[in-house]
Amino acid sequence: MTTPPAAPNSNPYGLLAALHQGGLITQTVFGILVLMSAVTWYIMFTKLLEQQKIFNEGKRARTGFWGSGNLREGANKLDKNGAYRQLVDDGLLAEQQHTQLTDPIDQHEWMHSSLNRSQAAIGSKLGNGLAFLATVGSTAPFIGLFGTVIGIYRALIKIGAAGQASIDAVAGPVGEALIMTALGLAVAVPAVLGYNWLVRRNKAALEQLNAFSNDLHGYMVSGGAVRPALRGPAPKVATTASGVAAKH
């Protein structure tokens, strides 16, 4: 039984041909790159949702939390498992624990250290997965290059055994091997860009959390006397008949 001839416009060289001729090593490299790419996009998507949740909760905290009568009432307006709710709950717990200490410690220092620990825990959670993105960004090109080297080696061995050294016999297999390098770059570039983007967003989220923590700390150690000013809409400006601007 003879093999049917290839279609006139079909390309005999490509990814499938490279995987078929590259053997187990090339197929393994391809599988690793696909896995790294899938995990990279999963981490970027989940971290983006996690960061956006914190930003949304920060908006609610700036508008609704400080308008509450007490901290517990304000905490109920925040997400139950959110970062801002965690800060408030840890602050209330620290305030309760301070009254139970046998060795007297200044309340300011105790509250400050407790809120700092809470912020550190939130920052550590936000940083989960970013190390993997950095690892993918730095290693994926070399993994792809390894697949290319193996592909070129196998292609040259095959060409040498066949005794064909023409340009058409060399260009095709070598071009197939270079596909692995291209795949490595295609995996690495989104990982690097996503890592830098998520790190900047983490920094912005932690800065907002730090500002909220300072306001919370001042509120608690002052017995509620110190609280940030509520942000309301800008006052409307009207012009009187005499042409003088008046605020309402």
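All of the numbers you see were taken from the coordinates with simple rules; none came from a lab. The structure displayed is predicted, hence computed values, not measured ones. All Cβ positions, even for glycine, are placed from backbone atoms using ideal geometry, and neighbour counts span all protein chains on display.
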From the cross-link list Lys53/Lys203; Lys59/Lys125; Lys59/Lys80; Lys77/Lys203, which pairs have alpha carbons spaced over 18 Å apart? Lys59/Lys125; Lys77/Lys203
In the neighborhood of Ala205, defined by Cβ-to-Cβ distances under 13 Å, what is the net charge if each Lys or Arg adds +1 and each Asp or Glu adds -1? +4
Taking the Cβ of Leu133 as the center, what net charge do the other residues with Cβ under 15 Å away carry, scoring Lys and Arg +1 and Asp and Glu -1? +2
